[in-house]
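A short reminder: the numbers here are calculations on the coordinates, not readings from a lab. Note that the coordinates shown come from a computational prediction; the quantities given were computed from them, not determined experimentally. All Cβ positions, even for glycine, are placed from backbone atoms using ideal geometry, and neighbour counts span all protein chains on display.
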């Protein structure tokens, strides 16, 4: 009988140790996001941090070599930079739009409806606010003067060299024709 109790105890201890090992192999961020709800303030900070990182790099590239240089950067580095923010926060962070330059950034049906809602709000002069659903946090991306160097009107805001670079890097580009203070797309953060 003592032998059976000893074997059972060893078995239970082994099972418990293996469960503890699997728990410790999960990163703290993954555990946090899987077991607790992330506050809207935190998501707003993650979106802001992502935008700030992209704008900082784009500004630097424009200063170094103009809008063409920024296009080269975006073509290669914008998605990895966004992905780095996803990895940092243990969430899926992306930029989406109804008029993509890169087809990987095309908004899904829910996002397209939200973009249209934001466009209507901006036309009505309303203040745009982030949107939180059961599974996502969305924040609108609005154009400014810097954006128009690559996303503005052809022949007005976008220089000829920049248009040539857009055609070279993005032959199926849909992301021009914007004016200042228009909804360009969304920062999308999947929360679960």
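Below is a table of values for the structure above.
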quantity: Residue exposure sequence - 101, 132 - by fewest surrounding Cβ within 10 Å; calculated: 132, 101
quantity: Ranked list, fewest to most other Cβ atoms within 10 Å of each Cβ, for 146, 85; calculated: 146, 85
quantity: Where labels lie 7 Å past Cα in the beta-carbon direction, separation of residue 159 and residue 190 in nm; calculated: 3.9 nm
quantity: Added length on full extension, which subtracts the Cα-Cα distance from 0.36 nm per residue, residue 168 to residue 127; calculated: 11.1 nm
quantity: In nm, spacing of pseudo-spin labels at residue 117 and residue 37 (7 Å Cα→C-beta vector); calculated: 1.8 nm
